[in-house]
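Working notes, beginning with the structure itself.
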């Protein structure tokens, strides 16, 4: 394979990680510029509106906004699960980009059925726990 063909293949492989990275940076920039702490800035959580209880994602936008301002403690107090998710996704994206740069067609995240169930169980457990007196410190 010629050097031009190899470079063209590598460019195609890197397209998806670059587009995903740009989308992630754009979303983080929006959350940095438009403060989600202002009531109604991004609408309201339908689960919270219907039940009066925060869902596992409640506080996630505020957590990411706090991260973009360098406030890790504030982010953790808004939604610790969202902070963990941001860290996992950043690591997964970086690994994906490096693998693609090396010429493999790897996907970003591949979860087995067991791993997907585990993620869902953790999210539900987090949502339930933060609604109890013992997990009140995790409430947004």
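The values are calculated or read from the model by the stated rules, or taken from the named source; none is laboratory data. Keep in mind the model is a prediction, meaning the values are calculated, not measured. Backbone-built Cβ (ideal geometry, glycine too); neighbour counts: all protein chains shown.
Of note:
- Filter result (surrounded by fewer than 10 Cβ atoms within 10 Å (Cβ to Cβ) and at pLDDT 85 or above) within region 1-25: none
- Here residue 63 fulfils each of the conditions (1) closer than 30 Å to residue 9 by Cα; (2) under 17 Å from the mean Cα position of the chain (by Cα); (3) without any contact (Cβ under 8 Å) to a residue 24 or more places away in the chain apart from (1).
- Of residues in region 80-135 being in a loop (DSSP other than H, G, I, E, B) and in contact (Cβ under 8 Å) with a residue 24 or more places away in the chain, the one farthest from residue 19 (Cα to Cα): 131
- Residue identified as surrounded by 16 or more Cβ atoms within 10 Å (Cβ to Cβ) and either more than 17 Å from the chain's Cα centre (by Cα) or under 28 Å from residue 29 (Cα atoms) (or both) among 87, 97: 97
- Test: residue in region 39-56 that is touching a residue at least 24 places away in the same chain (Cβ under 8 Å), within 16 Å of the chain's Cα centre (by Cα) and either within 21 Å of residue 121 (Cβ to Cβ) or surrounded by fewer than 14 Cβ atoms within 10 Å (Cβ to Cβ) (or both): yes
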